[in-house]
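What follows is calculated from the coordinates using simple rules that are stated; it is not laboratory data. A quick note: this is a predicted structure, and the numbers were derived from the prediction, not measured. FYI the Cβ positions are ideal-geometry reconstructions off the backbone, even for glycines, and counts take in every protein chain you see.
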Amino acid sequence: MASRITLRTVVRSQTLWTRPVSTSGVRAADKDDKSMYDKVKDKAGEVLENVGQAFTDSGKVGKQFTEHGKVGGKADKAGGPLDRDGEVGHQFTTDGAVGGRVEKAAEKTREAGKEAQKEANKP
């Protein structure tokens, strides 16, 4: 019989809170098993790391805003203030106000994910 547990995860200011909603069929963990908390924290850390990576300028989401991506490429072709060197376009580069904040937030998210994984895998 497989164990089932439903979890509700809430992320508040880079602190992960997970609480069981339903524990029907949950077995007691062996001493050698990782605790359920550590397993969830490890997986959540992996997810946070992947999300952070997606928003960097080389990630799935972030690269769409570079001059080679769908959004950034169209703005670059339109030229004028939307060009990557223009008044508006420059703000969306990694050196600009918007792009720089996204890069920093993505890096913090990746680091939080790595920390969660490290903490969950402590001996």
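Measuring from a point 7 Å past the Cα of residue 60 along Cα-to-C-beta, which residues in segment 93-108 have an amide N at less than 20 Å?
Correct set: 102-108.
May I ask you to derive the relative contact order of segment 35-120, considering only C-alpha pairs under 8 Å and at least 6 residues apart, and to give it as an integer percent? If you can, show how the numbers build up before the last one.
Numbers: 119 pairs, mean separation 33.9, N = 86.
Relative contact order of segment 35-120: 39 percent.
Taking every pair of Cα atoms in segment 35-120, average 1/r, invert it to obtain the Kirkwood radius, and report Rg/Rh to two decimals.
That ratio equals 1.18.
Across segment 35-120, how many lysine pairs separated by 8 or more positions, or lying on different chains, have Cα atoms within less than 12 Å?
6
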